[in-house]
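The values are calculated or read from the model by the stated rules, or taken from the named source; none is laboratory data. For clarity, every value in this text was computed on a predicted model and none was experimentally measured. Cβ placement follows ideal geometry from the backbone for every residue including glycine, while neighbour counts extend to all protein chains displayed.
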Amino acid sequence: MSFAFNFCRDNPMAPRRLALAACLACAAVAAQAAEAAAGERRKTAPAAEAATLPAVTVQARREEEKAKDLPFTVNVINDAALEERRLSSLEDVLRGTPGVEVNSWGDAGSANVRIRGVGSLFQSGMDDSSVVVNVDGVAASVSHAGLGTLDVEQVEVLKGPQGTLFGRSSAAGAINIRTHRPELGRWTGSARAEAGSDHQHLAEGALNVPMGETLAARLALRHNAQDYGYDNRLTGKPVSRPADSAWRASLLWQPQAATHVLLRAGRHDARRYQSVMLLRPYGERPGQELDSADPLAGNHFVIEQQALEAQHDLPWARLTSVTSRQRHRLSENDHTGREVMRAWMGMDVTFPLAKREHGHNWNQELRLASLPGSAVFWVAGLDVYRAKWGNVQNRMGQGYGHDLTHNADAAFGEATWPLGASGLKLTAGLRHSRERKSYAGAYSAGAALSDARSLRERHTTGRAGLSWALTPQTSLYATLARGSKAGGFNGNATQPADSAPYRPGKVDSLELGAKHEGADGRLRLEAALFSNRVKDDHLLAFDPGTQASWMINANTRSHGLELNGHWRAGAGLTFSGGLAWISGSIRSHAVTNVPAGDVNVGNRLPDVPRLSALLAVQWQRALPAFWGLASPTLNARLSVRHVGKRANDPQNSFDLDSYRKVDLRVGIASGNAEFYIWGDNLANKQYDLYGYYLTHGLVIGAPARGRSFGLGLAYRF
């Protein structure tokens, strides 16, 4: 009650806005979590729709549970939804999730993600993040949101601090990605091909191979490419044609029902991307003036991941060991066009920025958990993390190099107990982490300089929640959580003074929610009120004149409402979507000494719209036979993504416009095959991936792709 009182007291318009949000949500009947409803079409071609929604299970606490039983919000996007919505990268998934916002510069490795208004105000580099990505147990940086969704079974967006089980850098939330595992005793597979406007093309396939009674393997491959959505104005052609190639392989050994060993490996290779700076407004056809006809030919970004999972069920508990490793490397030349250089520096030249980056991490987690179906859920474990990362940058003939070592150890545990027969359940979790970081910098600006620093920190995070099964279909919950993210060093420093460590951040979060599943299995609804208080969030300040950058800490707050839902209405119609209303502001003054000015108390959080929503309508219908097709089925999906106006930076220099992105996919399935047509951004809305105040009267950004369309063919067996 105090939360609701403070929420309305601090926001006089809150009741009216909440009422408007509720009305919009009812109209949208929205929920990302319910995107899993189409999952049963994964192995067979779409057929007449089932009468009820399938259950949604997640591994948000590292063991499989029903999403409705968790005392926090989890948005779920399954494999069928990934394909139907054409979400080929993690960034696509996150941009399509209300309450989640992404700031990226157009390349494969520069994303900054905020969940419910919580996230770095301006990211300093790979080591500065409020959201952790976990891919089959492999810890990955959310800055790598360009990571593809090849052979992904389910993406789970866990909202609110997840410090108990995901630990480091999960102050805002966590992204849990589960790929398909091999299946024993079955030959299964799929293939898909697409071609579209702007030279878009995609080819992918997956094959499951049984290898005896106890062994199975799975292999998946993908290649896709498309023209950049902006031109080289000196040649009249697209700046480049970025391409992504990926593979993923896994091997399962299951000698008995209680034991399995699973080995996974994968690689994602992104070429010909760059971090782009275009003058705003972009004009009808965005572009740069670049001297070279093929300036991005050598740009290359690679992520490699391996994981070994061993699991054995004891008579009283489940023992799991996950050993994982990730390596990445980047070689990229980013080009500032002549048009920007003339306005910025008064120089009619193309300015290249050479970046080289490499890193690897190793993680070992050992955990013991309750067996499935136990009256009391519990999990406890130990985690060891080791990482090294380095980069080299060359700007205007001056070079800068940075090397970082990060070691972390943690012990954690969480449990949920039923409190008698009242339907009440208590959840409590705790994690204690020890962080150690060391930094070395080398600077060749004028005189050669070097720098070395280190820091040690300890963090205690966790959550406590109470849930109540009001009826077998409806539950209420309240959860308090503490999240933290380690301090660190500026990975873009150009002098020793700017590599001074920034302070660790922490967030205190309250979530009040309700979850409902209709008795007939046709309706799923979720609602949540949330409030976040962040101390010492992270902000990178950059002076375009001197090219210097340094880190600043600032406090923030955010609160709001989320509504999610899924309704199988009958007659082949399914409505789904989600809505988030967020009010967030900066709560401490920060002197930046940059052209954009200071960060003032009361400024809005950057990249966080007041209102974001998704509405999707799906129609499945059996058709009479035609053209020799046996039992053809229509599968059509129309979705509208709304993102409201939002501030471009912590200084609130200008606003990024609101937009509505409309996507359509219409397919005809027969037997194991489906032919479909698609259209993305049908309204051809030009919207920003980011916006930046460079200097007085000069603003830059990167536009998203405009309208595109094409056709595809999928086959499953």
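Confirm whether SER275 is under 28 Å from PHE351 (Cα atoms), over 25 Å from the mean Cα position of the chain (by Cα), at pLDDT below 95 and not acidic (Asp, Glu). It is false that SER275 is under 28 Å from PHE351 (Cα atoms), over 25 Å from the mean Cα position of the chain (by Cα), at pLDDT below 95 and not acidic (Asp, Glu). Every test in (1) over 23 Å from the mean Cα position of the chain (by Cα); (2) more than 28 Å from ALA421 (Cβ to Cβ) is passed by TYR477 save one, and that test is (2).
Here segment 457-495 is the region considered, the condition is being of a type in the set (Val, Ile, Thr) and part of a strand (DSSP E or B), and the residue that is farthest from LEU426 (Cα to Cα) is THR460.
When you scan segment 609-624, do you find a residue that is in a loop (DSSP other than H, G, I, E, B), exposed (fewer than 15 other Cβ atoms within 10 Å of the Cβ), among the aliphatic types (A, V, I, L, M) and without any contact (Cβ under 8 Å) to a residue 12 or more places away in the chain, even just one?
For segment 609-624, residues in a loop (DSSP other than H, G, I, E, B), exposed (fewer than 15 other Cβ atoms within 10 Å of the Cβ), among the aliphatic types (A, V, I, L, M) and without any contact (Cβ under 8 Å) to a residue 12 or more places away in the chain: absent.
Taking the conditions exactly as written (under 25 Å from the mean Cα position of the chain (by Cα) and more than 30 Å from ALA195 (Cβ to Cβ)), does TYR659 satisfy them or not? Criteria not met by TYR659.
Among the residues of this structure, ALA81 counts as one that is out of contact with any strand residue (DSSP E or B) (no Cβ under 7 Å at 6 or more places or on another chain) and either surrounded by 23 or more Cβ atoms within 10 Å (Cβ to Cβ) or modelled with pLDDT under 80 (or both). When SER631, SER583, SER612, SER670 are checked against the criterion of being hydroxyl-bearing (Ser, Thr, Tyr), over 24 Å from LYS535 (Cβ atoms) and within 29 Å of the chain's Cα centre (by Cα), SER612 stands alone in meeting it. When residues of segment 248-282 are filtered for being touching an Asp or Glu at 6+ places or on another chain (Cβ under 9 Å) and within 20 Å of VAL138 (Cα to Cα), how many remain? Number of matching residues: 14.
Using the structure shown, decide if VAL93 is farther than 24 Å from ASN553 by Cβ, surrounded by 24 or more Cβ atoms within 10 Å (Cβ to Cβ) and in contact (Cβ under 8 Å) with a residue 12 or more places away in the chain. Yes, satisfied. Condition first: part of a strand (DSSP E or B), at pLDDT 90 or above and surrounded by fewer than 24 Cβ atoms within 10 Å (Cβ to Cβ). Can you find one or more residues in segment 169-178 that meet it? Yes, there is a match, as at least one residue in segment 169-178 is part of a strand (DSSP E or B), at pLDDT 90 or above and surrounded by fewer than 24 Cβ atoms within 10 Å (Cβ to Cβ). With the requirement that a residue be without any contact (Cβ under 8 Å) to a residue 60 or more places away in the chain and hydroxyl-bearing (Ser, Thr, Tyr), what does segment 436-476 give you? SER438, TYR443, SER444, SER450, SER454, THR460, THR471, THR474, listed by residue number.
For segment 392-409, the count of residues that are surrounded by fewer than 15 Cβ atoms within 10 Å (Cβ to Cβ), within 30 Å of ARG61 (Cα to Cα) and of a type in the set (Gly, Ala, Ser) is zero.
Remark: pairs (first residue in segment 336-355, closer than 26 Å to PHE301 by Cα and modelled with pLDDT of 90 or more; second residue aliphatic (A, V, I, L, M) and not in a helix (DSSP H, G or I); Cβ separation under 7 Å; 6+ apart in sequence or on different chains) = THR336/MET277; GLY337/LEU290; ARG338/VAL349; VAL340/MET277; VAL340/LEU279; VAL340/ILE700; THR350/LEU290; LYS355/LEU330.
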